[in-house]
Amino acid sequence: MKLNIKKEILKRNLLLTIKYDGTNYHGWQIQKNALTVQEMFQKALYRVIGNYPDIKGCSRTDAGVHALGQVANFKIDSDFPIEKMAIAINSQLKKSIRIKKTEEVSQEFHSRYNCHSKTYQYVIDNSEQGSAIYRGLSYHVSQELDVEKMQKAVTYFVGEHDFSSFKSSGTSSKSSVRIIYDANVEKDGEKVKISLTGNGFLYNMVRIISGTLVEVGLNNIEPEDIPKKKKKKNRQMAGKTLPPQGLF
């Protein structure tokens, strides 16, 4: 006798590693009157699995900011093959957004709360004339930057500090204390790349730190001035907030 046994479909928690060119998007988080990356994922997933899952991103990004390896997770009641998920979703997305990897994780996993560290990179085009091709993916500084001074200055950000001088108004976080695990500045051809890894970042913190390091590179301030600027806990002490297109 053949038994008709219905296979039970369990709720699965899927983790996506994604990259995107944020030029035409108002950041990650869904907004009522602006196009965002999260909204694009919601629509693509609906076309693939037939519903709108609650997508949890590891962090928000500002309008115009890019991603090379942002992660997000969502739960579904579907046995859709995991090895075909990235192909299926990418087929429903604009070319400016791509899934790099899809994997199944435990039910308890949450992209934001299980995130131990984040790395941001700010890219500066330090060529004389600027780039016609990569102008939307970097910030142009035509004057030659003193990278060695910038490398020395960035070390003062490593460790646990109060970053009140390096946050924009509108920050919702109660505390301005953050831990930077690693920080470096490297020259890559005509590009200068500033990288910061930490347990979390305040609103515009990386763009303000990068603006301050540019001032160091232009010899407007000395590397040894950084500790004094941190100690003041005053936004006016730091450099300008660099535009979003250079941030990944």
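Relative contact order, whole percent, for the chain stands at 20, derived from Cα pairs under 8 Å and 6 or more residues apart.
For region 110-127, backbone phi angles converted through the Karplus equation (6.51, -1.76, 1.60; θ = phi - 60°) give residue-by-residue couplings of 9, 4, 7, 6, 9, 7, 8, 7, 9, 10, 10, 10, 10, 10, 10, 8, 9, 7 Hz, Gly and Pro being listed as x.
Give, in nm to one decimal, the length gained when the segment between residue 94 and residue 181 is fully stretched (0.36 nm per residue of separation minus the Cα-Cα distance).
Details: separation 87, 0.36 × 87 = 31.32 nm, distance 3.46 nm.
Once the chain is fully extended between residue 94 and residue 181, it gains 27.9 nm.
A cut-off of 5 Å between modelled amide H atoms, ignoring neighbours fewer than 5 places along the same chain, links residue 191 with 126.
Amide H contacts under 5 Å for residue 61: 28, 29, restricted to partners 5 or more places along the chain or on a different chain, H placed in the peptide plane at 1.01 Å from N.
Against the main long axis of the alpha-carbon atoms of the chain, helix 205-217 sits at an angle near 30°.
Put a dot 7 Å past the Cα of residue 83, heading toward its Cβ, do the same for residue 12, and the two dots end up 1.2 nm apart.
Rolling a 1.4 Å probe over the protein heavy atoms gives the chain an accessible area of 55 Å² per residue. Taken one residue at a time, the phi angles of region 161-177 give Karplus couplings (6.51, -1.76, 1.60, θ = phi - 60°) of 9, 8, 9, 4, 6, 10, 9, 8, 5, x, 5, 8, 5, 6, 10, 9, 7 Hz. Gly and Pro are set to x.
How much mean residue ellipticity at 222 nm does the chain get from its helices, if each DSSP H run of length 4 or more adds -39500 (n - 2.57) and you divide by all residues, to the nearest 500 deg cm²/dmol?
Values: 5 runs with 50 residues, N = 248.
Result for the chain, helices only: -6000 deg cm²/dmol.
From Cα pairs below 8 angstrom and at least 6 apart in sequence, can you work out the relative contact order of region 183-236, rounded to a whole percent? So the answer I get is 17 percent.
As a test, work out the antiparallel percent of DSSP beta bridges whose residues both lie in the chain, rounded to the nearest 5. Roughly 95 percent of the beta bridges in the chain run antiparallel, per DSSP. Extension gain for residue 68 to residue 106 (0.36 nm times residue separation, less C-alpha to C-alpha distance): 11.3 nm. Remark: region 69-77, residue by residue, has Karplus-estimated 3J(HN,Hα) of x, 6, 10, 8, 10, 7, 10, 9, 9 Hz, where x stands for each Gly or Pro and the curve is 6.51 cos²θ - 1.76 cosθ + 1.60 at θ = phi - 60°. Within the accessible area of the chain, the carbon and sulfur atoms contribute 48%, probe 1.4 Å, all protein chains present.
Between residue 132 and residue 32, what is the FRET efficiency for a Förster distance of 45 Å, r being their Cβ-Cβ separation, to the nearest 0.05? Once the sixth-power term is evaluated, E becomes 0.80. A prolate overall shape is assigned to region 47-91, the ratio a/c of its alpha-carbon gyration tensor axes (a ≥ b ≥ c) being 1.5 or greater and a/b exceeding b/c.
Need one word for region 50-126: rounded, prolate or oblate. Basis is the Cα gyration tensor (sqrt eigenvalues a ≥ b ≥ c); a/c below 1.5 gives rounded, then a/b vs b/c decides. Intermediate values should be presented prior to the final figure.
Details: a/c = 2.25, a/b = 1.43, b/c = 1.57.
Here region 50-126 falls in the oblate category.
Computed about its Cα centre, the charge dipole of the chain is approximately 960 debye, with only Lys, Arg, Asp and Glu carrying charge at their Cβ.
Here are some pairs, 94/167; 101/233; 19/152; 56/230; 167/193; 187/230; which of them have Cα atoms lying more than 29 Å apart in this structure?
Values: 94/167 33 Å; 101/233 40 Å; 19/152 31 Å; 56/230 33 Å; 167/193 20 Å; 187/230 25 Å.
Over 29 Å apart, Cα to Cα: 94/167; 101/233; 19/152; 56/230.
Beta bridges assigned by DSSP with both partners in region 90-191 are antiparallel in approximately 75 percent of cases. The peptide list 158-167, 127-136, put in order of mean Cβ contacts within 10 Å with the highest first, becomes 158-167, 127-136.
From largest accessible area down, sort 60, 47, 235, 207; use a 1.4 Å probe on the protein chains. Kindly include the intermediate steps, with their values, before the conclusion.
Details: 60 165, 47 135, 235 60, 207 30 Å².
Descending accessible area places them as 60, 47, 235, 207.
The values are calculated or read from the model by the stated rules, or taken from the named source; none is laboratory data. Treat the numbers as computed from the prediction; the structure is a model and nothing was measured. Here the Cβ is made from the backbone with ideal geometry for all residues, glycine too, and neighbour counts use every protein chain on show. To get the accessible areas, we keep the full protein, side chains included, count just its heavy atoms, and leave off ligands, DNA and RNA. Shrake-Rupley method; radii C 1.70, N 1.55, O 1.52, S 1.80 Å.
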